[in-house]
1. I'd like to verify a number: residues in region 24-34 that are open to solvent by 80 Å² or more (accessible area, probe 1.4 Å) and of a type in the set (A, V, I, L, M, F, W, C), how many?
2. From the list ALA124, ALA135, which residue is open to solvent by 50 Å² or more (accessible area, probe 1.4 Å), among the hydrophobic types (A, V, I, L, M, F, W, C), out of contact with any helix residue (DSSP H, G or I) (no Cβ under 9 Å at 6 or more places or on another chain) and at pLDDT below 90?
3. Please determine, by comparing only the residues of region 98-107 that are surrounded by 24 or more Cβ atoms within 10 Å (Cβ to Cβ) and modelled with pLDDT under 90, which one is farthest from the chain's Cα centre (by Cα).
4. Given the residues ILE12, ILE5, ILE38, which is the only one that is of a type in the set (Val, Ile, Thr), more than 23 Å from LEU183 (Cβ to Cβ) and either surrounded by 11 or more Cβ atoms within 10 Å (Cβ to Cβ) or at pLDDT 90 or above (or both)?
5. Looking at region 47-68, is at least one residue among the acidic types (Asp, Glu) and open to solvent by less than 30 Å² (accessible area, probe 1.4 Å)?
6. Can you find a residue that is over 20 Å from THR200 (Cα atoms), at pLDDT below 95, out of contact with any helix residue (DSSP H, G or I) (no Cβ under 6 Å at 6 or more places or on another chain) and part of a strand (DSSP E or B) anywhere in region 79-97?
7. Any residue in region 85-107 that is without any contact (Cβ under 8 Å) to a residue 24 or more places away in the chain and acidic (Asp, Glu)?
8. From the list GLN182, GLN152, which one is closer than 28 Å to LYS4 by Cβ and modelled with pLDDT of 75 or more?
Amino acid sequence: MKVKIHREGTNILVILLLMLAVINASAWMFIRPAVIPIIFSCVSGVLYLLVLNFFRSPRRHFRGDSTDMVVSSVDGTVVALEEVYESECLHRKVIQLSVFMSVFNVHANWFPINGKVLLVRHHAGRFLSAYLPKASTDNERSTILLRAQNGQEILVRQIAGAVARRIVTYAEAGEDCCIDEQLGFIKFGSRVDIFLPLGTEVFVNIGDKTTGGITPVARLKPNNKEA
């Protein structure tokens, strides 16, 4: 599994490196005793490595049978799995599967199915903790409606958290989507909800860990409707 730095982090990493370089250079030039600049340098190094780790972008390929398969969109922990009424796009009861990402997780988001993008919609909102149930409707979020190859529709919702302040969505209405492709990125702590049709076979439980683009989380029921 090859890893590179995500394009969303390039400018942040460059700016942070320059800021830390100026701070540490000033500390070494003007502050004594030497132990203080040493502490500055150590803290700066740890901080930079944490941010660098956050923006890693693994290249992933799902190797299983993708027919009717739903794969996790993100790395993280399953925090919600319940039947709810989705009122924005689907207007029916569905299964909500939510995965929370900490600042230590990869924050790239993958398409959970092979199919087609029907709708992309961004909503401004609050920045409550992504753990809270009402974050799904109150927080800044992007909604992506997808149609699977078997004709069933599922909804993906990128949700900003208490720390996150920017959601990036690459998905565009009308384009094809693939499990191996990224649909977007959320910066610094967040959550992704997937809304599945009732009757979908779910493979995960609350508390389970998932890997975006790799972990099968559900299988859609066969559908005779045309995509």
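1. Final tally of qualifying residues: 3.
2. Values: ALA135 fails: open to solvent by 50 Å² or more (accessible area, probe 1.4 Å).
Exactly one of ALA124, ALA135 is open to solvent by 50 Å² or more (accessible area, probe 1.4 Å), among the hydrophobic types (A, V, I, L, M, F, W, C), out of contact with any helix residue (DSSP H, G or I) (no Cβ under 9 Å at 6 or more places or on another chain) and at pLDDT below 90, namely ALA124.
3. Restricting attention to region 98-107, the residues satisfying the condition of being surrounded by 24 or more Cβ atoms within 10 Å (Cβ to Cβ) are 98-99, 101, 107.
From what is left, the residues that are modelled with pLDDT under 90 are 101, 107.
Values: MET101: 7, HIS107: 5 Å.
Filtering region 98-107 for residues that are surrounded by 24 or more Cβ atoms within 10 Å (Cβ to Cβ) and modelled with pLDDT under 90, the one farthest from the chain's Cα centre (by Cα) comes out as MET101.
4. Details: ILE12 fails: more than 23 Å from LEU183 (Cβ to Cβ); ILE5 fails: more than 23 Å from LEU183 (Cβ to Cβ).
After ruling out the rest, the residue left standing is ILE38.
5. Our first condition is that a residue be among the acidic types (Asp, Glu); within region 47-68, this holds for 65, 68.
Filter again for open to solvent by less than 30 Å² (accessible area, probe 1.4 Å), leaving none.
No, region 47-68 contains no residue that is among the acidic types (Asp, Glu) and open to solvent by less than 30 Å² (accessible area, probe 1.4 Å).
6. no
7. no
8. Values: GLN152 fails: closer than 28 Å to LYS4 by Cβ.
Of the residues listed, the single one that is closer than 28 Å to LYS4 by Cβ and modelled with pLDDT of 75 or more is GLN182.
The values are calculated or read from the model by the stated rules, or taken from the named source; none is laboratory data. Source: prediction; values computed, not measured. Neighbour counts are summed over all protein chains in view; Cβ atoms, including those assigned to glycine, are modelled from backbone coordinates with ideal geometry. The accessibility values were calculated without ligands, DNA or RNA, using every heavy atom of the protein model including side chains. Shrake-Rupley method; radii C 1.70, N 1.55, O 1.52, S 1.80 Å.
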